[in-house]
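Scroll down for the structure; my scribbles are underneath it.
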């Protein structure tokens, strides 16, 4: 009976029972196994030492652009770096088996093993397609593919291309349906007027409702917002998008969210710009000689005997000829007021610095901005002050996110805008108006000092007659105006996730307050006006006499101006539900309660001193099926103190539906040609409670005393 080699027992017993050639084969296999097990173990008496490895490379987007600020982290460690402005990086890892994690906002996170040598050139792909992009809407977020209402978003990077420090000037031409125009380029007065789908209501407020982080702000606060602080910029146009704002959404809504911190090492960003501003066009004005000839012609045309009318002063042929020949410019003045008062260009500066980062419990985003805008007015060096426009704007912002526990989070937002302005008494636009309307040949802007007037310490401004004519140069250089504004805002948000009760349920509460203060002052002197008093054409000498010695001054007087203080308080609470069933049925809804109070601290009358108040409840419900069919219903039930108690509240509903045709199977053959096709229809009501004027807002009272 032969013994079998394969049977139960220890390895040693098997070897004893097997034939000789099998014993040799098994011993060889066992030796290889033992060598493999011990190949990576350090020799006895030695310590295994990891040799560091330095890795360098560059990160780019799938569009071929260098990506700055990309987080690069060695997986499983806290070792990390950030790419520089050109997308380059250098990191030291423990060995070639290390895994690097590349992450950036808006891009798909990518992991790369160092030994594969692929870390030297990284291409990050954008995280979402256009239809999957998340868009900020009223009191929430929606995927672009799920939206029924008309909402347009602008990429914040586009605003950085704007050469102005005023954000409102960047809206024109960027969004369909927005009408925007700028009435003035004067610093401090250069806010653009803009309307969404035209002027759709009446009253003293026809511009859109502007919200920054759900806090209502003024157009100037939007203008002072720097593009570096913007995370999203949405414009809500139709009733379905704005109905949740009820009595305040008739003119459309602009909703801006600011950046927040994210977990990781601190990332510092700095942007500094210098720009040159010049007038786009100027009004063509007649030269002084043409002015006098046309004036005489106008007089003769209207009154042929005008030369005999003692109340009509005609320009003599001698004055016209001597002015044309350039004879003594103080006797025969030919003033180019615009060239005399305005420069060709102005230099402006803008700077922003922000830092963001944080850990697992708290993340932060802190930003500071400084803008300096200068005017194109000239200053007279004989004055000890500068009357040119100088606007300095400072902005501070701090957003801190705190994770209290797994289900609760807090957001604290603080922001401040501060303006310091110096400029001419009457403003830059008024100076240009004086240039256009002032006579260029009656008198010079000022008379120079000579031997007889060398001890005079003031500027001898020119004038005519009794000194009642307007001298635009004197109006510009006789003093200056200062104003200062400050706007402080504080906001606290509480978010709690109730998914432990039912999936998709959450609650949010938010309150904020806004404080605004303004004051201005004037410092000026009364100009000394002089007129021509005799001229000797043979010696080319002239005399002058003072027209107002009793009223003119050589010192700056002080005149206090307006003082404005107001405050706004806002509070809202929201219950939100969002869930998908069976991967096809999407259901969401929210209910919002809100209240707002605006108070003017230094009102001029009783009506303006009473608080402006709004109270309301809003809601939204949406349903989608298989990313093809969408239904949405919105409503706002809002009240205002402006109306009688029987008509104080109004109901503003809206509804809409959409069909994404391109997601149907029958559409697939032409999807390469038409990538996306969507049909939608909406209908609804929105309102405006800012009718009439603030001074007469209580229409239901015949008189309020």
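The values are calculated or read from the model by the stated rules, or taken from the named source; none is laboratory data. As the structure is a computational prediction, the values presented were derived from the model and not from experiment. Glycine also receives a Cβ, built like all others from the backbone with ideal geometry; neighbour counts cover every protein chain displayed.
Quick notes on this structure:
- Selection within segment 612-647 - surrounded by 19 or more Cβ atoms within 10 Å (Cβ to Cβ) and over 20 Å from residue 239 (Cα atoms): 612, 642
- Every residue from segment 213-242 that is closer than 23 Å to residue 614 by Cα, touching a helix residue (DSSP H, G or I) at 6+ places or on another chain (Cβ under 7 Å) and part of a strand (DSSP E or B): 236
- When residue 699 is tested against (1) assigned to a loop (DSSP other than H, G, I, E, B); (2) within 21 Å of residue 626 (Cα to Cα), just one condition goes unmet, and that condition is (2).
- Of the residues 549, 560, the single one that is surrounded by fewer than 16 Cβ atoms within 10 Å (Cβ to Cβ) and either at pLDDT 95 or above or in a strand (DSSP E or B) (or both) is 560.
- Set 180, 156, 170: member being under 30 Å from residue 624 (Cβ atoms) and within 19 Å of the chain's Cα centre (by Cα): 156
- Residue 245 meets the conditions (1) assigned to a helix (DSSP H, G or I); (2) under 29 Å from residue 347 (Cα atoms) in every case but one. The failed one is (2).
- The set of residues in segment 392-407 that are surrounded by fewer than 21 Cβ atoms within 10 Å (Cβ to Cβ), assigned to a strand (DSSP E or B) and touching a residue at least 40 places away in the same chain (Cβ under 8 Å) comprises 400, 402, 403.
- In this entry, residue 389 passes the filter for residues that are in contact (Cβ under 8 Å) with a residue 24 or more places away in the chain and buried (at least 17 other Cβ atoms within 10 Å of the Cβ).
- Wholly enclosed helices (runs of 4 or more DSSP H) of segment 270-363 bearing at least 1 residues modelled with pLDDT of 90 or more and touching a strand residue (DSSP E or B) at 6+ places or on another chain (Cβ under 9 Å): 337-341
- Meets criteria (over 30 Å from residue 409 (Cβ atoms) and under 32 Å from the mean Cα position of the chain (by Cα)) for residue 375: yes
- Test: residue 188 is modelled with pLDDT under 85, on the phi > 0 side of the Ramachandran plot and in a loop (DSSP other than H, G, I, E, B): no
- Pick from segment 146-183, criterion touching a strand residue (DSSP E or B) at 6+ places or on another chain (Cβ under 7 Å) and assigned to a helix (DSSP H, G or I), ranking: nearest to residue 633 (Cα to Cα): 146
- Any chance residue 650 is in contact with a helix residue (DSSP H, G or I) (Cβ under 7 Å, 6 or more places away or on another chain) and crowded, with 16+ Cβ neighbours inside 10 Å: yes
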